[in-house]
Amino acid sequence: SKIIVLNNNNKDRTREWLKLDDSKIAVARSGIDVRKYRNFKEEFNIKRYLHIPENSFLIVCANLLAPNRRYEDVLHAMSILKKIRKSVHLVILSKLDFNIKYANLLNKIIKDNNLTENVHFIDKYFTDEERMKYIKSCDILVFPNSPQTWGLTAIEAMALGLPIIVSSGSGVSEVLSDGVNAIAYQAGNVDMLTEKITKYLNNRKELK
């Protein structure tokens, strides 16, 4: 018998914790039905829905609210990006009452940094089709989670054709290559995240 984990980091931790050799631990990545996402054709104009200009650049984050999601890093990056490009917006797909304390922290950061008009919570539980519709209608997905065992949201976005920025704290970062099939940054490093988003904004054709 073997212990199954989702990433190499957990494999190392399990080996040290239980004093096992590698033959007793296996990494098994969870996945999605790629065809379901690649064949998703529903069109949705999220900019019209949010009443923001058509030339706006939309970043999306899509996970339930929890401190390990590190949405605060994206918000702090937004406060810098807003000075460079006023038409940058962040869409967060998440039910706010999942974690009221964390939601209040994020709302305080939004207020303190004058981001009220640039950050949009879509406050509801989503069906798979609804998540796909909202994610696909944005320009880039940021997956700042740390720690995160895996990260299916990033894989879903890729299957929908969306560029992604992932943190090194996520398990999915182990199977992605910076500048090849994703944009990667050091987990928790707001300056590096901001730099990566800015680089994408300035070189969108080259990095798609």
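The values are calculated or read from the model by the stated rules, or taken from the named source; none is laboratory data. Worth saying up front: this structure is predicted, and the values here are computed from it rather than measured. In this analysis, Cβ positions are derived from the backbone assuming ideal geometry, glycine residues included, and neighbour counts consider all displayed protein chains. Protein only, heavy atoms only, side chains kept; ligands, DNA and RNA dropped before computing areas. Shrake-Rupley method; radii C 1.70, N 1.55, O 1.52, S 1.80 Å.
HIS51 meets each of the listed conditions (1) over 22 Å from THR149 (Cβ atoms); (2) under 22 Å from the mean Cα position of the chain (by Cα); (3) not aliphatic (A, V, I, L, M) apart from (2).
For every residue, the table says whether it meets (1) under 30 Å from SER177 (Cβ atoms); (2) modelled with pLDDT under 95; (3) out of contact with any Ser or Thr (no Cβ under 7 Å at 6 or more places or on another chain).
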{"position": "ARG85", "(1), (2), (3)": "yes, yes, yes"}
{"position": "VAL91", "(1), (2), (3)": "yes, no, yes"}
{"position": "ASN104", "(1), (2), (3)": "no, no, yes"}
{"position": "HIS120", "(1), (2), (3)": "no, no, yes"}
{"position": "PRO147", "(1), (2), (3)": "yes, yes, yes"}
{"position": "LEU152", "(1), (2), (3)": "yes, yes, no"}
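Can you say whether GLY188 is part of a loop (DSSP other than H, G, I, E, B) and open to solvent by less than 40 Å² (accessible area, probe 1.4 Å), as far as the supplied structure shows? So GLY188 passes the test.
Only one residue in ILE59, ILE84, ILE109 is open to solvent by 50 Å² or more (accessible area, probe 1.4 Å), more than 28 Å from ASN10 (Cα to Cα) and not small (Gly, Ala, Ser), so which one is that? Don't jump to the end; show me each part of the working.
Values: ILE59 fails: open to solvent by 50 Å² or more (accessible area, probe 1.4 Å); ILE109 fails: open to solvent by 50 Å² or more (accessible area, probe 1.4 Å).
Checking each option against the conditions leaves just ILE84.
Looking only at the range 96-119, residues that are of a type in the set (S, T, N, Q) and touching a residue at least 40 places away in the same chain (Cβ under 8 Å) come to 1 in all.
Can you spot a residue in the range 18-41 that is within 28 Å of ALA103 (Cα to Cα) and either open to solvent by less than 80 Å² (accessible area, probe 1.4 Å) or out of contact with any Leu (no Cβ under 7 Å at 6 or more places or on another chain) (or both)?
Step one: filter the range 18-41 for residues within 28 Å of ALA103 (Cα to Cα), giving none.
Among the residues of the range 18-41, not one is within 28 Å of ALA103 (Cα to Cα) and either open to solvent by less than 80 Å² (accessible area, probe 1.4 Å) or out of contact with any Leu (no Cβ under 7 Å at 6 or more places or on another chain) (or both), which makes the answer no.
Taking SER168 as the residue in question, decide whether it is small (Gly, Ala, Ser), modelled with pLDDT of 95 or more and surrounded by fewer than 19 Cβ atoms within 10 Å (Cβ to Cβ). Spell out the reasoning first.
Working: small (Gly, Ala, Ser): yes; modelled with pLDDT of 95 or more: yes; surrounded by fewer than 19 Cβ atoms within 10 Å (Cβ to Cβ): yes.
In short, yes.
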